[in-house]
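Everything on this sheet refers to the single structure shown next.
Read-outs throughout are calculated quantities, based only on the coordinates presented, and are distinct from any laboratory measurement. Computed from a prediction, not measured in an experiment: that's the story for all the values here. Heads up, the Cβs are rebuilt from the backbone with ideal geometry, glycines too, and the neighbour counts pull from every protein chain shown.
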Amino acid sequence: MDTFVGIDVSKMTFDVHLRRPDNQEQAFSLANARSGHCDLVKRLTRRGGRARVVLEASGHYHFRLALALHEAEGVQVMVVNPRAARNFARANMQRSKTDALDATVLLEFAQRMPFQPWTPPTKQEMELRSVARRIGSLMKTRTQEKNRHHAAEYVSDTVCRDIDVNVRHLGRRIIALQAGARRLIETCPRLRRQFSQLTSIKGIAAASAIQILGELCVLPKDMSKRQWVAMAGLDPRIFQSGLSVHPPARISRLGNRFIRAALYLPALTAIRWEPNVKAFYEKLIARKKAPLQAIVAVMRKLLHAIHGMIRTGTDFDGEKFYALG
C-alpha cells in the first residue's frame, strides 16, 4: 500500500504532510535544497516503502523537488495546477491558509482525486521556456518604455533621451536572446521540426514561434487538443442559472496566459494573410460575432491546428483549417 503525501513548496522550505498505510500521520518542514530533497526521499522509501506525492506548481521552486521525487524508485509524483488545489480546498470548506494547511489539502487531494503521474520536460525544453518568457518580459518592458516616451516627449528632452537609450538596449537584449533560443532549438531535432511546422503558418514568424514553442514543448506529450485549449484558458465558460441568467459565453482565462499572449498577434496576422483563416474569420463576423470573439475563435482553432501538425508531423494545411468550399 502507498503512503500518500501532500507538499506545499516555497522558496526556502517545503511543508510535508503524509499519511502512511496504517493511517499514522506526520507533518514536518524541510529545506528546499538538495539536502532536503534527499532527506524526504529517504523517509518515503525507507524499508522499500512506496509513496504517491502531490505538490503544487509554484513557479520554478517546485521543479527540482518534483524531479528528485520522480527519479526516486517507488515514488510517484503529481504536479497539480494551483487553481485546482484552491478549488479543492474551497470544496472542503477550508477557509484558513498556511503552508502547513496547504500541505494537508494536497494530502487529501492525493487520496481522493484521480492521480496523474508527472513526466518532467527535458533540460532543453525547460531552458527554451525560460528564455521565451524572458523575451516576452523584455518586450513588454520595451512597449512600456515606448509609451512613457510618448507621454514625456512634450515635457522633458532629458527623459526622452534616456528612454531612447533604454529602448535600444532592450532591443539588443531581445535580439540576443532570440538568437540564443534559435541555437537551442537547432540542437534538438524534435524542437527544430516543430519550429519549422509552426513557421509554416502565415502569421507565425520566428519570434512568435519561439514564444509559442517555449510554452507548448513542456506540456505532457499525451495531452489532447481539448486539453491544450483548456490549459490555454481559451475554452468557453458558460454560466446559467434558472430562467433569467443567461450571459454570453466567455473564455475561461483559467489557463496559461503566456500561450494566449503568444497566439494573439499571430492570429491577427493569419487573418490578414492566410486565405483559409481569413475565410473562417469572415464567416464568424457574418454570423454577427464581435471581432474580438472571432479573433479568439481563430486563436483556439490555430491551437487545434498546431496540435494536429505536431502529432502528425506535417506542415500547416489551410484546407484542413477551414475549407474554402
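Please give me, ordered by residue number, the GluC sites (Glu not before Pro) of the range 63-124 that lie in loop per DSSP and have at most 10 other Cβ atoms within 10 Å. Can you show the working numbers first?
On the way: sites: Glu71, Glu73, Glu108; in loops: Glu73.
Listed in order of number, the matching sites are Glu73.
Between the residues Ala305, Ile285, Phe316, the greatest Cα displacement towards the positive end of the dipole of the range 279-325, with unit charges on the Cβ of Lys, Arg, Asp and Glu, is found for Ile285. Put a dot 7 Å past the Cα of Asn166, heading toward its Cβ, do the same for Phe115, and the two dots end up 5.0 nm apart. Could you estimate the translational diffusion coefficient of the range 1-74 from the Stokes-Einstein equation, with Rh from the Kirkwood formula over C-alpha pairs, at 25 °C and 0.890 mPa s, in whole µm²/s? Diffusion coefficient, whole number: 200 µm²/s.
A Gaussian network model of the chain, with springs between Cα atoms under 10 Å, assigns the largest mean-square fluctuation among Ala91, Ala132, Ala261 to Ala91.
Taken about its Cα centre, the range 100-155 carries a charge dipole of roughly 260 debye when the Cβ of each Lys and Arg holds +1 and the Cβ of each Asp and Glu holds -1.
Which whole-angstrom value gives the distance between the alpha carbon centres of the range 168-187 and the range 18-47? Result: 41 Å between the Cα centres. Each residue of the chain gets 213 Å³ once the volume of the Cα convex hull is shared out per residue. Considering helices alone, the calculated mean residue ellipticity of the chain at 222 nm is -19000 deg cm²/dmol, with DSSP H runs of length four and up weighted by -39500 (n - 2.57) and normalised per residue.
Each residue of the range 31-37 was assigned a 3J(HN,Hα) from its phi angle through the Karplus curve 6.51 cos²θ - 1.76 cosθ + 1.60 (θ = phi - 60°); the sequence is 6, 7, 8, 4, 4, x, 5 Hz, with glycine and proline shown as x.
Here the contact order of the chain, divided by its residue count and restricted to Cα pairs under 8 Å and six or more residues apart, works out to 13 percent. Each label was represented as a point 7 Å from its Cα along the Cα-to-Cβ direction; for Thr45 and Ala286 these points are 6.2 nm apart.
Out of Met309, Met126, Met12, any idea which swings most in a Gaussian network model of the chain, alpha carbons joined below 10 Å? The residue that fluctuates most here is Met12. Structure remark: mean-square fluctuation, Gaussian network model of the chain, C-alpha springs under 10 Å; the largest value among Tyr154, Tyr264, Tyr281 belongs to Tyr154.
Looking at the range 3-112 only, what percent of DSSP beta bridges run antiparallel? Nearest 5 please. Present the calculation step by step, with values, prior to reporting the outcome.
Details: 13 of 24 bridges.
The antiparallel fraction comes to roughly 55 percent.
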